[in-house]
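See below for the structure under consideration.
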Amino acid sequence: MAKSEKGKKKPKASNPMIEDDSVWVLGTHMTKFGRYPNQDAVDLASTSSIAALKDGGVTIHDMDVFAAGTLFQASSGMAQQVQKQIGQTGIPAYNVSNACATGATALRTVMLSIKAGEADLGLAVGVEQMGKMGLLGGAGSKKEAKVFAPSGRYGAVTGTDGYIGTAGMPGVFAQAGMGYAYENDGVGFEQFAKVAYKNHLHSTLNPLAQYQKEFSLDEIMGAPVMSYPNTLLMCCPTGDGAAAAVLVSGERLKSMPKKVQKRAVKISASVLTSDPWTSSAQVQPDVNTLTRNAAAQAYEQAGVAPGDLDLVELHDCFATAELIHYDNLGLCEPGGAGDFIDSGAPFRDGRTPVNVSGGLISKGHPIGATGIANIYEVATHLRGEAGDRQVKGAKVGLAHVIGLGSACGVHILEKAA
Amino acid sequence: MTVKQVPLVDYLHIGNRPYLNAKACTSCGARFFDRRIACGNCGAQEFENVRVRNQGVVTSFTIVHRAAPGIPAPYVSAIIETDDGTSVRSNVVNCEPDPERVKLGMKVKLTTYSIGTDDKGTEAIAFGYEPA
């Protein structure tokens, strides 16, 4: 995407004005993603919440609003369960579920309360405990029918997964990528595999990643095929983890010590979109249109162009997904996602580093946590605290998630000073 | 004695000349295969049945090797754009599940096949697209 028409870049003042109605990340945390057989989601969410509060130099008693995101425990009252662990202060608590955009939506719930003037400070946490759930989407829908009788919105007489294409996630996202390959030159199995090569390579520098192992391109392309072209090493794992963020209004931040202000990270854009109607999305989720819409709105809100981004954390649930989002987020020339990965641009030392955390493919994807974990990652780089994987001098970053159905969250963060 | 046949889904018309039936919004022309309350594009509430063209091209596909339990794999799942511009999700059948054989842009046409018989002797008929 080119610069938005109103895309005049805001002057980057060396002595930044903190606008009263702006919203900032004051503290943030993520647990290492992985397997926690001896803890439950409440433990993970509570641990991360307390750590984010501590990181921001505040306590639960300072919070005016709380939102907790989880997908698979959406009806468990996660927010209240966490409150019972970390402090029952009686503030409004929201339970949030929005597919893979759950974390981003929880963050926005807190942000909207601050924007509305109901709150000065708020806490958002995202959590998931998936264990080894295996393949998501369409699982086990083909039970042998005793009697073929029509039911459901399509009048199906038995399960349709596997008869009417695939509903499994590796396949759905494979089709998303192959649709891009149909429309654009220079995109094939190897380009998709290179995405996974890059993210596995990046993960070796991230101690919080579920997997931290480099694989060669040959190993990736030669791994067991899940849904062509996605091999096992091109798919995100299931896992457990939590991430949290404390948000503060600009007005309140101004009254805080300079040292605190310096570590705060500005949320320059916060956007949530759903699917506009497109004809093909009746049969195959359209992950492109709502991402493009979200990106356009976010760049406009922030007054930032794709070329200004120092790092991007995007939703690489599968390697095929990451490649098409280069184009959807305007990181490459239209149709040029294949060239973009071939050129090395999204590698950590490239023009626009993408998923230096290792991405969902290696860092992991405990679903409810993902949309806050990417905020943690970007904020940590902007603060210059990302250790070995630090993108040097990072000032502006973008975090993107997409949940099928669909929901897309895009946040643009900017360094304070 | 003739075996009773039913379509796998209600938008499949079976018989000697099978085809897919779409519900087209009379206001904006948007096409759907599911039961509708209103049009997702324009919100209008009137639909007419339209017969979808049987010919189309593969605009995307995947070869599913790791399927849910009970589903024979590998198989080819694809998005077909029919000659009248309708998007259909389907398996590609009568074609080896091999990236050397399934091609983007490949011309295909609708076909039907039996997926089994239930306890009452009713046979379910599914649709797929085969190389044209």
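Where a number appears in this text, it was derived from the coordinates with a stated rule and is not lab data. Please read all numbers here as calculations on a predicted model, not as lab measurements. Every residue, glycine among them, receives a Cβ derived from its backbone with ideal geometry; neighbour counts consider all protein chains shown.
Assign one of three labels to the stretch A:301-402, namely rounded, prolate or oblate, based on the Cα gyration tensor with a ≥ b ≥ c the square roots of its eigenvalues; rounded applies when a/c is under 1.5, prolate when it is not and a/b is larger than b/c, and oblate otherwise. Cα axes put the stretch A:301-402 in the rounded bin. The Cα-based radius of gyration and maximum Cα-Cα distance (Dmax) for the stretch A:227-303 are 19.2, 55 Å. Ordering B:Gly105, A:Ala99, A:Met133 by the projection of their Cα atoms onto the charge dipole of the protein assembly as shown, which places +1 on the Cβ of Lys and Arg and -1 on the Cβ of Asp and Glu, puts A:Ala99 at the extreme positive end. If you filter the stretch A:222-296 for trypsin sites (Lys or Arg not before Pro), then keep DSSP loop positions with at most 14 other Cβ within 10 Å, what is left? Loop-located and lightly packed - A:Lys254.
In square nanometres, what is one fourth of the surface area of the convex hull spanned by the alpha carbons of chain B? Display every interim value, and only then the final one.
Details: hull surface 39.2 nm².
For chain B, averaging the hull's shadow over all directions gives 9.8 nm².
The distance from the alpha carbon centre of the stretch B:118-132 to that of the stretch B:37-63 is 21 Å, rounded to a whole number. With a Förster radius of 22 Å applied to the beta-carbon distance between A:Glu251 and A:Lys54, the computed FRET efficiency rounds to 0.45.
In sequence order, the stretch B:49-57 has phi-based couplings of 6, 10, 8, 7, 4, 7, 9, x, 10 Hz under the Karplus curve 6.51 cos²θ - 1.76 cosθ + 1.60, θ = phi - 60°, and Gly or Pro positions carry x. Rounded to the nearest whole Hz, the Karplus-based 3J(HN,Hα) values (6.51 cos²θ - 1.76 cosθ + 1.60, θ = phi - 60°) of the stretch B:106-117 follow the sequence 5, 7, 9, 9, 5, 9, 10, 7, 7, 10, x, 10, with x at glycine and proline. Length gained on full extension, A:Asp218 to A:Trp277: 17.3 nm, using 0.36 nm per residue less the C-alpha separation.
Amide hydrogen proximity for A:Ser268: with H placed 1.01 Å from N in the peptide plane, the residues at 5 or more positions away or on another chain lying under 5 Å are A:Ile412, A:Leu413, A:Glu414.
The B:Glu46 and A:Glu19 beta-carbon pair, evaluated with R₀ = 41 Å, returns a calculated FRET efficiency of approximately 0.25.
Taking chain A as a Gaussian network of alpha-carbon nodes connected by springs under 10 Å, the highest mean-square fluctuation of the residues A:Asp161, A:Asp43, A:Asp308 belongs to A:Asp161.
Distances between placed amide hydrogens fall under 5 Å for B:Asp10 paired with A:Gly155, A:Ala156, all partners being 5 or more residues away or on another chain.
Pairwise Cα separations in the protein assembly as shown fall into 10 Å bins from 0 onward with the following percentages, short to long: 4, 18, 27, 24, 16, 8, 2, 0, 0.
Take every DSSP beta bridge whose two residues both sit in chain A; close to 75 percent of them are antiparallel.
Using a/c under 1.5 as the rounded threshold, could you call the stretch A:183-334 rounded, prolate or oblate? The axes a ≥ b ≥ c are square roots of the C-alpha gyration tensor eigenvalues, and prolate needs a/b larger than b/c, oblate otherwise.
Judged from the Cα gyration tensor, the stretch A:183-334 comes out oblate (a/c at least 1.5, b/c at or above a/b).
Whole angstrom only: what separates the Cα centroid of the stretch B:1-23 from the Cα centroid of the stretch A:184-235? The stretch B:1-23 and the stretch A:184-235 have Cα centres spaced 42 Å from each other. Result for chain A in a Gaussian network model with C-alpha springs under 10 Å: among A:Thr370, A:Thr166, A:Thr231, the largest mean-square fluctuation is at A:Thr166.
Summing +1 for each Lys or Arg and -1 for each Asp or Glu, what net charge is found among the other residues whose Cβ lies under 11 Å from the Cβ of A:Tyr197?
Combined, the nearby Lys, Arg, Asp and Glu give -2.
In chain B, taking the dipole from charged Cβ atoms about the Cα centre, the farthest positive-side position among B:Cys42, B:Thr82, B:Pro18 is held by B:Cys42. What does a probe at A:Lys259 reach in the stretch A:23-39, counting residues whose amide N is under 19 Å from the point 7 Å along Cα→Cβ? Counting only backbone N, you get A:26-28. Taking all Cα pairs closer than 8 Å and separated by 6 or more residues, the relative contact order of chain A comes to 27 percent. Over the stretch A:33-175, Cα pairs under 8 Å with separation of 6+ residues give a relative contact order of 24 percent. Does the stretch B:81-132 come out rounded, prolate or oblate by the C-alpha gyration tensor, with a ≥ b ≥ c the root eigenvalues, rounded set by a/c under 1.5 and, if not, prolate when a/b is larger than b/c and oblate if not? The shape class here is oblate. How large is the helix-only mean residue ellipticity at 222 nm for chain A, computed as the sum of -39500 (n - 2.57) over DSSP H runs with n ≥ 4, divided by its residue count, in deg cm²/dmol to the nearest 500? Taken over chain A, the calculation gives -9500 deg cm²/dmol.
For B:Phe47, nonlocal amide neighbours, meaning residues 5 or more places apart or on other chains whose placed amide H falls under 5 Å from its own, are B:Thr26. Only residues of the stretch A:180-202 count here: report those whose backbone N is under 20 Å from the spot 7 Å along Cα→Cβ of A:Asp349, or say none. Under 20 Å, as judged by backbone N against the label point of A:Asp349, lie A:194-202 of the stretch A:180-202.
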